[in-house]
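The values are calculated or read from the model by the stated rules, or taken from the named source; none is laboratory data. Computed from a predicted structure; not experimentally measured. Neighbour counts are summed over all protein chains in view; Cβ atoms, including those assigned to glycine, are modelled from backbone coordinates with ideal geometry. Side chains included, ligands, DNA and RNA excluded: accessible areas come from the protein's heavy atoms. Shrake-Rupley method; radii C 1.70, N 1.55, O 1.52, S 1.80 Å.
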Amino acid sequence: MSETLSKYLPEHAVKPVFELIVANQVHLKIVNERVTRHGDYRKGLSGKHEITVNANLNKFKFLITLVHEISHLVAFEKFGRNIKPHGQEWKYSFQRLMVPFIRPEIFPNHLLPLLARHFKNPTASSDTDATLSLALKQFDEQNDKNYVFEIPYGSIFRMHNGKRYKKGALRTKRYECTELSSGRTYLFNPNAEVELLPS
């Protein structure tokens, strides 16, 4: 297991993550990319704690995602199954499990203050923290994707499902974008990854 983990995690995170997996009896599966999520946790019918994490994540996103999912398990075990999935109990568990990893042997120095700020009040997805998300994106393999907030107003983009949209105005925290074939308006997270099309 340690050997497999070393392909996906920063070097100095492998041993403590392996210990977390063993201590919490996690059955970890590394799976092909799923567009809607980076990872998930469920308690299987057999009572096994099953966690999946996408194989395509960079080492830092993989670490954050895996600890995020283990935090669900820890929060449910400690506080019971009736808690909100991303409520205070989960935030507390995520902070407690993640803080030991926020150090320069594991993360590049310029990410440390962004991580420290994020983990004061962690959100359901690190993708909703635009600054951290953008900083983590630089470690991804090169691709032709952009974030919605990066592309110009009025530009046309395509989503993973092939649908094309026109970017509109920012409304509170999300962008209003019009789907070209139906004319319907949808709200997009600023950090949604899209393919910019020539206009």
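Count, please, the residues in region 78-102 that happen to be over 17 Å from LEU5 (Cβ atoms) and in contact (Cβ under 8 Å) with a residue 40 or more places away in the chain.
Matching residues across region 78-102 total 0.
Among what's in region 1-10 and is open to solvent by 20 Å² or more (accessible area, probe 1.4 Å) and within 20 Å of the chain's Cα centre (by Cα), pick the residue that is farthest from GLU193 (Cα to Cα).
The qualifying residue farthest from GLU193 (Cα to Cα) is SER6.
Starting from region 156-184, keep only residues that are under 24 Å from ARG34 (Cα atoms), then list their pairs with residues that are in a strand (DSSP E or B) and open to solvent by 100 Å² or more (accessible area, probe 1.4 Å) whose Cβ atoms are within a distance under 9 Å, requiring at least 6 positions of separation or different chains.
These pairs meet every condition: ILE156/ARG164; PHE157/ARG164; ARG158/ARG164; GLU179/ARG164.
Pick from region 149-199 the residues that are among the hydroxyl-bearing types (Ser, Thr, Tyr) and assigned to a loop (DSSP other than H, G, I, E, B): which of them is surrounded by the most Cβ atoms within 10 Å (Cβ to Cβ)?
It comes out as SER155.
For region 76-93, does any single residue satisfy the condition of being aliphatic (A, V, I, L, M) and in contact with a His (Cβ under 6 Å, 6 or more places away or on another chain)?
Within region 76-93, the first condition is being aliphatic (A, V, I, L, M), and the residues that meet it are 83.
Filter again for in contact with a His (Cβ under 6 Å, 6 or more places away or on another chain), leaving none.
No, there is no match, as no residue in region 76-93 is aliphatic (A, V, I, L, M) and in contact with a His (Cβ under 6 Å, 6 or more places away or on another chain).
Considering (1) modelled with pLDDT of 90 or more; (2) of a type outside the set (Ser, Thr, Tyr); (3) closer than 30 Å to HIS12 by Cβ, say which one GLU179 fails and leave the rest.
(3)
With (1) among the small types (Gly, Ala, Ser); (2) more than 20 Å from LEU197 (Cβ to Cβ); (3) in contact with a Ser or Thr (Cβ under 7 Å, 6 or more places away or on another chain) as the list, and GLY168 as the residue in question, which single condition is left unmet?
Looking at each condition in turn, GLY168 falls short on (2).
Looking only at region 51-66, filter to residues that are among the polar types (S, T, N, Q) and out of contact with any strand residue (DSSP E or B) (no Cβ under 9 Å at 6 or more places or on another chain); which one of those is farthest from THR36 (Cα to Cα)?
My answer is ASN58.
State which residue pairs qualify: first residue farther than 15 Å from LEU73 by Cβ and inside region 31-54, second residue acidic (Asp, Glu) and part of a loop (DSSP other than H, G, I, E, B) in any location, beta carbons under 8 Å apart, and separation of 6 or more residues or different chains.
Pairs that qualify, where the first residue is farther than 15 Å from LEU73 by Cβ and the partner is acidic (Asp, Glu) and part of a loop (DSSP other than H, G, I, E, B), are ASN54/GLU33.
List the number of the failed condition for ASP144; all other conditions in (1) more than 25 Å from HIS12 (Cβ to Cβ); (2) touching a helix residue (DSSP H, G or I) at 6+ places or on another chain (Cβ under 9 Å); (3) charged (D, E, K, R); (4) in a loop (DSSP other than H, G, I, E, B) hold.
(2)
Taking interchain pairs and intrachain pairs at least six residues apart, which have beta carbon atoms under 8 angstrom, with the first residue in region 114-133 and closer than 18 Å to LYS84 by Cα and the second open to solvent by 50 Å² or more (accessible area, probe 1.4 Å) and assigned to a loop (DSSP other than H, G, I, E, B)?
Pairs that qualify, where the first residue is closer than 18 Å to LYS84 by Cα and the partner is open to solvent by 50 Å² or more (accessible area, probe 1.4 Å) and assigned to a loop (DSSP other than H, G, I, E, B), are THR123/HIS86; ALA124/PRO85; ALA124/HIS86; SER125/HIS38.
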